[in-house]
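Peer 1: Please see the structure below; I have some questions.
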Amino acid sequence: MEIKDSVALVTGGNRGIGEAFVRAFLAAGAAKVYVATRDPANAQHLVDEGAGKVVAIALDVSKPEQIEAAAAQCQDVSILVNNAGQFAMQTLLKAPDLSAARSEMETNYFGPLAMCRAFAPILAKHSESAIANVLSAGGIVAVPGMGGYSPSKFAGRAMSTCLRAELAPQNTSVTAT
């Protein structure tokens, strides 16, 4: 997929791997990059550096109403990077209850799925488009100490495979990294 002149949206784009994606898109000539973060003030440094090409938006991928608002606001997206994630640092059996595992599934699996569902029609408007689901090694090798994180990333990997087949007819590529 050609990145030059594309429009990308990066969830969790205000720091870490997400920030690296934002910077890479800008370096490759993207026309615009939406930095999705729970608090847009946390992405102000990227907006300031982005020379008018970076737009910070409020988005918590575990909140369907915020996903709908982002899709309504960002109608020009051709590349979606599902990078936002959560690691609750709880094991599956020793956690006091299932809340940590449920929260990890909500953020790491259901959130990216909801983003793909919301943005698929927008991506279809382009002759080529892409989705990159950021998973980590925790989605390839089960790490017992990672509680619900590893299973949620495994689910994200399977989801990516299914979406790749579903979105191929509209020329939207799907990768899981």
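Peer 1: Would you check if there is a residue in the stretch 42-52 being under 24 Å from Gln170 (Cβ atoms) and of a type in the set (A, V, I, L, M)?
Peer 2: no
Peer 1: Can you confirm whether the stretch 85-107 contains a residue that is open to solvent by less than 80 Å² (accessible area, probe 1.4 Å) and in contact with a strand residue (DSSP E or B) (Cβ under 6 Å, 6 or more places away or on another chain)?
Peer 2: No, the stretch 85-107 contains no residue that is open to solvent by less than 80 Å² (accessible area, probe 1.4 Å) and in contact with a strand residue (DSSP E or B) (Cβ under 6 Å, 6 or more places away or on another chain).
Peer 1: Would you check which residues across the stretch 76-105 are touching a Phe, Trp or Tyr at 6+ places or on another chain (Cβ under 7 Å) and either under 25 Å from Ile122 (Cβ atoms) or among the hydroxyl-bearing types (Ser, Thr, Tyr) (or both) and list them?
Peer 2: Of everything in the stretch 76-105, those that are touching a Phe, Trp or Tyr at 6+ places or on another chain (Cβ under 7 Å) and either under 25 Å from Ile122 (Cβ atoms) or among the hydroxyl-bearing types (Ser, Thr, Tyr) (or both) turn out to be Val77, Leu80, Val81, Asn83.
Peer 1: Now for a separate question. With the requirement that a residue be among the β-branched types (Val, Ile, Thr) and under 14 Å from Glu49 (Cα atoms), what does the stretch 1-34 give you?
Peer 2: Selection gives Val22, Val33.
Peer 1: Then there's this: Do we find that Ala71 is hydrophobic (A, V, I, L, M, F, W, C), within 15 Å of Val7 (Cα to Cα) and either surrounded by 19 or more Cβ atoms within 10 Å (Cβ to Cβ) or in contact (Cβ under 8 Å) with a residue 24 or more places away in the chain (or both) in this structure?
Peer 2: So Ala71 fits the description; yes.
Peer 1: Pairs only if they're at least six apart or on different chains, beta carbon under 6 angstrom, first in the stretch 52-68 and closer than 13 Å to Ala36 by Cα, second charged (D, E, K, R) and open to solvent by less than 50 Å² (accessible area, probe 1.4 Å); list them, first residue then second.
Peer 2: Close Cβ pairs satisfying both conditions: Gln66/Asp60.
Peer 1: Taking the stretch 22-42 as the search range and keeping residues that are under 18 Å from Gln86 (Cα atoms) and hydrophobic (A, V, I, L, M, F, W, C), which one is farthest from the chain's Cα centre (by Cα)?
Peer 2: Val35
Peer 1: Give the number of residues within the stretch 48-68 that are crowded, with 17+ Cβ neighbours inside 10 Å and either more than 26 Å from Met105 (Cβ to Cβ) or of a type in the set (Lys, Arg) (or both).
Peer 2: The qualifying residues number 5.
The values are calculated or read from the model by the stated rules, or taken from the named source; none is laboratory data. As the structure is a computational prediction, the values presented were derived from the model and not from experiment. Virtual Cβ from ideal backbone geometry, glycine too; neighbours counted across all protein chains shown. The protein model used for the area step is the full one, side chains on, heavy atoms only, and it has no ligands, DNA or RNA in it. Shrake-Rupley method; radii C 1.70, N 1.55, O 1.52, S 1.80 Å.
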